[in-house]
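Novice: My questions all concern the structure below.
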Amino acid sequence: MSPPHQPTSINPNSLKIQLAYRFLHNLNNINTKRSNLDHTQINRKSHRVKVAAYASMAFVTGSRRAWSRSILRKIRNRGVLARIKKRVDHKASRVRVHHHLNARSTKRRNPSCSNPNGDYIDPSGNLGLEVKLRKLVPGAVMMDACGLLDETADYIKCLATQVEVMRTLVDLYSTI
Amino acid sequence: MSSRRSRQSSNGASRITDDQIIQLLSKLQQLVPEIRNRRSNKASASKVLQETCNYVRSLHREVDDLSDRLSHLLSTIDAESPEASIIQSLIM
């Protein structure tokens, strides 16, 4: 019952199926962890479901796309950070977590933040819009205009399919 | 619009043509449902970008909303019920 691991071309059906498999797998992992029954945990659970959704999107797309790589990197960093926090005691953890946060943030952020190709599409009218788009699509901050549009198209396709999968699941679970 | 050509000649590193950008914009236009129904030659670049931003934002909001509902549903359905186990076995 393992999901197919070939890279999906443009076939939306196979993308949907792969997303559905992966998302259900992630959801199952969430469920089989500690059961959160009180209301304070509900928010955290919804956050975990959201992270699971983005994780399954990024996993199915793999390393082919910058946005999926960025999402996977963020999730991995978060996991490592959580493990560090658990292992070390409270006082020392504050110092070390601070160091790790600094190291990781400088790694992620490109020191040469000047974007020479940033305003390639049209500096007169569209600069603000392009910057907004770069902020919305993960990992697209330092791309040129051509790559940005391509990334956006792929991101929208995957995101829309993921939304469809989630909608179907919600309908399914609400009829039980 | 006339400044595109001068920028292209000055930026020799990335040889992106106007046609490529137009092509990508039209591809993006096909994906965004808001502007898909209109005739393609009427949508300007700024319109496409604006609608794309709005669409991505609305998709993000929808993911948040759906994950919220899903988490509520997951916590309320009885995990031991036979229907749930049947559905789980069918899907997985």
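Novice: Can you pull out the residues in segment A:160-176 that are of a type in the set (S, T, Y) and more than 7 Å from every other protein chain (Cβ to nearest Cβ)? Please lay out each step first, then the result.
Specialist: If we filter segment A:160-176 for residues that are of a type in the set (S, T, Y), which is where we start, we get A:161, A:168, A:173-175.
Residues satisfying the conditions are A:T161, A:T168, A:T175.
Novice: From the list B:Q8, B:Q50, B:Q88, pick out the single residue that is modelled with pLDDT of 75 or more and facing another protein chain (nearest Cβ under 10 Å). Full working, then the answer.
Specialist: On the way: B:Q8 fails: modelled with pLDDT of 75 or more; B:Q88 fails: modelled with pLDDT of 75 or more.
Result of the check over B:Q8, B:Q50, B:Q88: B:Q50.
Novice: Moving to a separate point now. Looking at A:I121, is it modelled with pLDDT under 65, buried (at least 19 other Cβ atoms within 10 Å of the Cβ) and among the aliphatic types (A, V, I, L, M)?
Specialist: Yes; evaluated as a whole, the condition is true for this residue.
Novice: Related question: How many of the residues making up segment A:130-159 are over 14 Å from the mean Cα position of the chain (by Cα), of a type in the set (A, V, I, L, M, F, W, C) and within 7 Å of chain B (Cβ to nearest Cβ)?
Specialist: The total comes to 5.
Novice: Next question. Within the set of pairs 6+ apart or on separate chains, which have a first residue in segment B:66-83 that is within 7 Å of chain A (Cβ to nearest Cβ) and in a helix (DSSP H, G or I), a second that is at pLDDT below 80 and exposed (fewer than 12 other Cβ atoms within 10 Å of the Cβ), and C-beta atoms under 8 Å apart?
Specialist: Listed by first residue and then by second, the contacts come to B:S75/A:L37.
Novice: Moving on to the next point. Given (1) under 26 Å from A:L148 (Cβ atoms); (2) surrounded by fewer than 16 Cβ atoms within 10 Å (Cβ to Cβ); (3) at pLDDT below 80, where does A:S63 come up short, assuming only one miss?
Specialist: For A:S63, the exception is condition (3).
The values are calculated or read from the model by the stated rules, or taken from the named source; none is laboratory data. Quick caveat: nothing in here was measured; it's all calculated off a predicted structure. Note that each Cβ is placed from the backbone with ideal geometry, even for glycine, and that neighbours are counted across all protein chains shown.
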